[in-house]
Amino acid sequence: MPVELRPRERILREGAGVLTDLELLAVLLRTGTPTASAMELAAALLRHFGSLRGLVDASVEELSSVRGVGPAKAAMLKAALELGRRIAQAGGETRPVIRSPEDAACLVMEEMRHLDREHFRALLLNTRNQVIAREIISIGTLNSSTVHPRELFKNAIRRNAAAVILLHNHPSGDPTPSQEDLEVTRRLQEVGRIIGIEVLDHLIIGDNKYVSFKAKGLI
């Protein structure tokens, strides 16, 4: 098969979404046999089980019974199909929606209020202000945390976030912002503005209390 038509090369060039079921199966199988290519082996699996749904329902032993598959390839297929099933289940979970600084603080207060070092984290939000991920950006010393914009925004870009809410704790329990907190926030706001991901707020978590930069007019 010409290089430009091979499924693995097409994923690298165009993304997995353009591949057929047959081609995706061939990528998972990786190799064929001395008498059949990975594509031919994938076609044999689809013929034998009728569809991807049939593959999901098949046992490792049933998959292994197809000539050229064997236990190793069968196990790999079952692992990939199980991951797909779990992702589909997770897709139905309700995502928290952030409508106010209090909503964000409630999500993290119990987890962050007792930390003995500064943890800088972020909530990544979609266009509906639903939380799509919680990211740990850095863990600092007792008094400070080094925050690099690239560490925050590379994950936000990868997850297609529309906005972020910054979070960090003060181990002293006093959430009053420091000058360094203000400078870091301004720097991250500017980077977010450039790349199109809005910094909606920055919450400093103390001992069962917090400060919202947005509520204080600092952002």
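Details
- Residue 165 vs. criteria at pLDDT 95 or above and either in contact with a Gly (Cβ under 8 Å, 6 or more places away or on another chain) or under 24 Å from residue 109 (Cβ atoms) (or both): yes
- From the list 208, 160, the lone residue that is under 16 Å from the mean Cα position of the chain (by Cα) and assigned to a loop (DSSP other than H, G, I, E, B) is 160.
- Filter result for residue 28 (in a helix (DSSP H, G or I) and either free of Cβ contacts under 8 Å to residues at least 40 places away in the same chain or open to solvent by less than 30 Å² (accessible area, probe 1.4 Å) (or both)): no
- Residue 187 vs. criteria out of contact with any Asp or Glu (no Cβ under 7 Å at 6 or more places or on another chain) and not in a loop (DSSP other than H, G, I, E, B): yes
This table checks each residue for (1) in the same structural domain as residue 208 (by the TED database); (2) modelled with pLDDT under 85; (3) open to solvent by 50 Å² or more (accessible area, probe 1.4 Å).
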{"position": "10", "(1), (2), (3)": "no, yes, no"}
{"position": "14", "(1), (2), (3)": "no, yes, yes"}
{"position": "23", "(1), (2), (3)": "no, no, no"}
{"position": "44", "(1), (2), (3)": "no, no, no"}
{"position": "48", "(1), (2), (3)": "no, no, yes"}
{"position": "77", "(1), (2), (3)": "no, no, no"}
{"position": "80", "(1), (2), (3)": "no, no, no"}
{"position": "106", "(1), (2), (3)": "yes, no, yes"}
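- Restricting attention to segment 82-94, the residues being at pLDDT 85 or above and either open to solvent by less than 50 Å² (accessible area, probe 1.4 Å) or in a loop (DSSP other than H, G, I, E, B) (or both) number 0.
- Residue list for segment 46-60, filter: farther than 12 Å from residue 78 by Cβ and part of a loop (DSSP other than H, G, I, E, B): 50, 51
The values are calculated or read from the model by the stated rules, or taken from the named source; none is laboratory data. Keep in mind it's a predicted model, so treat the numbers as computed, not measured. Every residue, glycine as well, gets a Cβ built from its backbone with ideal geometry; the counts of neighbours run over all protein chains shown. When the accessible area is computed, the model is the full protein with side chains, heavy atoms only, and any ligands, DNA or RNA have been set aside. Shrake-Rupley method; radii C 1.70, N 1.55, O 1.52, S 1.80 Å.
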